[in-house]
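Inspection log for the structure reproduced underneath, given as structure tokens.
The values are calculated or read from the model by the stated rules, or taken from the named source; none is laboratory data. The structure presented is a predicted model; accordingly, all values stated were derived computationally and were not measured. For neighbour counting, all protein chains shown are included, and Cβ atoms are generated from backbone atoms with ideal geometry for every residue, glycine included.
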Amino acid sequence: MANLNIALQYSGINFPGHLHTLQSMHYAEEFKFHDTDILIVTYPKSGTTWMQEILTLICSDGNQAPAKTIPNWIRTPWIEHYYCEDILQDKLDNRIITTHLPFHILSKSLKQSNAKVIYVARNPMDVVVSFYHFHKMAKFLPEPGTFGEFLEKFLLGKVHFGSWFEHIKDWLSHREEFNFLFITYEELKKDLRSSVEKLCKFLEHSLLPDVVDTIVWHCSFTNMKDNQMINYTLVPNEIMDHQRGKFMRKGKVGDWKEHFTEEQKQHFEKVFQEKMREMDIRFIWSL
Ligand code: PPS
């Protein structure tokens, strides 16, 4: 699939035309979720890949073989990507599905099941930094310009995948309607072991302590950055320019401090406070 320079506009939001088609969006919108499905929901750069890896390991009871032999986009596909239909057509259970879609696109189909929904959020200052660097390497995303220019587009919700603010607000305001777990990138970073245990409890999937140890070890940034099945080095240079950056870049909380000027920080905080006024979420901005 090429279409690297084309965006698909769907429901007022731009998505990379390289991965999304009108047909794949309709497929997602009409998808028949099973009660046994686990759905990872994220705004991009919030810990998607990390959660894909953790859940792969939990569901395999700590067996590292699937994580070491199958690329993440095949074992935990994005429901809105054009290839998802082929991957899922014969897979009826033990499905881990991923999405970056806003709530309103998936709500109808999701409401018809009791699938488990795991929403992973990350403090948006680190999201915008990670997204900015990703735009430099991902040839299916527009050139980001300067960090300041990209930040402004992000705050206005004019980047691909739409507004971070709308994404989190819409999903969280409907959390009571679903079998829903909210977890943050910063929680994973602060205490991965407790986070794995929390996930196991939510999934009603108990594991022995030494299996949890294996998962924590396998899912460290150091190990994951060397796993070809998850670090995107399998993607050819025409699609991701590996000379312009690494997908597994820094994996830190608080890298925004290396990018924001004082003025940008104050502007960000003002917009954040206005837009997130009604939300009861406390983010961890540095560790
Ligand atoms: S995407 O493109 O939406 O799927 O990206 P996503 O996976 O959501 O986010 C990528 C960022 O997550 C970091 N990452 C990790 N951090 C810490 N530990 C582990 N194990 C880990 N795995 C992925 C990755 O490095 C990206 O963040 P930045 O800040 O760019 O390093």
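Being out of contact with any His (no Cβ under 7 Å at 6 or more places or on another chain), in a helix (DSSP H, G or I) and either modelled with pLDDT under 95 or within 12 Å of the ligand (Cβ to nearest atom) (or both) is the requirement here; does residue 154 meet it?
Numbers: out of contact with any His (no Cβ under 7 Å at 6 or more places or on another chain): yes; in a helix (DSSP H, G or I): yes; either modelled with pLDDT under 95 or within 12 Å of the ligand (Cβ to nearest atom) (or both): no.
Answer is no for this residue.
A residue that is more than 16 Å from the ligand (Cβ to nearest atom), without any contact (Cβ under 8 Å) to a residue 12 or more places away in the chain and closer than 17 Å to residue 127 by Cα occurs somewhere in segment 275-286.
Only one of 122, 95 is within 13 Å of the ligand (Cβ to nearest atom), touching a residue at least 60 places away in the same chain (Cβ under 8 Å) and not aliphatic (A, V, I, L, M); which?
Working: 95 fails: within 13 Å of the ligand (Cβ to nearest atom).
Exactly one residue qualifies, and that residue is 122.
Among the numbered conditions (1) under 21 Å from residue 235 (Cβ atoms); (2) more than 13 Å from the ligand (Cβ to nearest atom), the only one that residue 64 does not meet is (1). Being within 15 Å of the ligand (Cβ to nearest atom), farther than 26 Å from residue 188 by Cα and assigned to a loop (DSSP other than H, G, I, E, B) holds for only one residue in 141, 101, and it is 141. Of the residues making up segment 248-258, not one is farther than 15 Å from residue 185 by Cβ and within 9 Å of the ligand (Cβ to nearest atom). Here residue 103 clears all of (1) farther than 21 Å from residue 156 by Cβ; (2) in contact with a Phe, Trp or Tyr (Cβ under 6 Å, 6 or more places away or on another chain); (3) at pLDDT 95 or above except the condition numbered (1).
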